[in-house]
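Below is one structure, written out as structure tokens; the observations come after it.
What follows draws every value from the coordinates through simple rules; no lab data is involved. Computed from a predicted model, the values in this text were never measured in an experiment. Here the Cβ positions follow ideal geometry from the backbone for every residue, glycine too, while neighbour counts run over all protein chains shown.
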Amino acid sequence: MRSILISFLALAACTAAFAEEPFAGTWKLNLAKSKYSPGMAPKEATLVIREVAGAQVEQTVSGVGPDGKPLGIKQTVNQTGGVWKFQQGAPPAGTLSVILKIGPRELYGGTYVADKQVSAGHATLSADGKTLVNTVKGVDPQGKPFENMTVFERQ
């Protein structure tokens, strides 16, 4: 379960800071196209990215985890990116994210706990702007590796 949350944190790091163009919108997780290793896929997830006042972006992930419990992560960041703490959700205390824009439709994000990187994510938006693919590698709080590839479709 924690590796799923870390994956969504990395996705948040990859997408939230550049919502102005072209990531803004509502995205639904396509479970049939997504892959989770070691296999703890959520039952459903929705990602909403929207611009708010002051050149900031609000990013929210909601859904149902593999255990049937609600997922909920929310953050507001500057569109230029940088380092930020999560406002709500299940990340451990001291969780930070960092993003780097690689290209117009490609982002890199990392999640850090207690100054140690626990995951790295790479998000790519399709040329038609309808599909967002995010690959995340990392370790869960027990130190076990995971690798998740999530596919989101624009709603």
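For the reader, a short list of remarks on this structure follows.
- Members of the stretch 129-155 found to be under 13 Å from P38 (Cβ atoms) and of a type in the set (D, E), listed by number: D140, E147
- Taken over the stretch 138-153, the residue count meeting the criterion of being charged (D, E, K, R) and buried (at least 17 other Cβ atoms within 10 Å of the Cβ) is 1.
- Among the residues of the stretch 127-152, those identified as part of a strand (DSSP E or B) and touching a Ser or Thr at 6+ places or on another chain (Cβ under 6 Å) are V133, N134, V136, G138, F146, E147, N148, M149, T150, V151.
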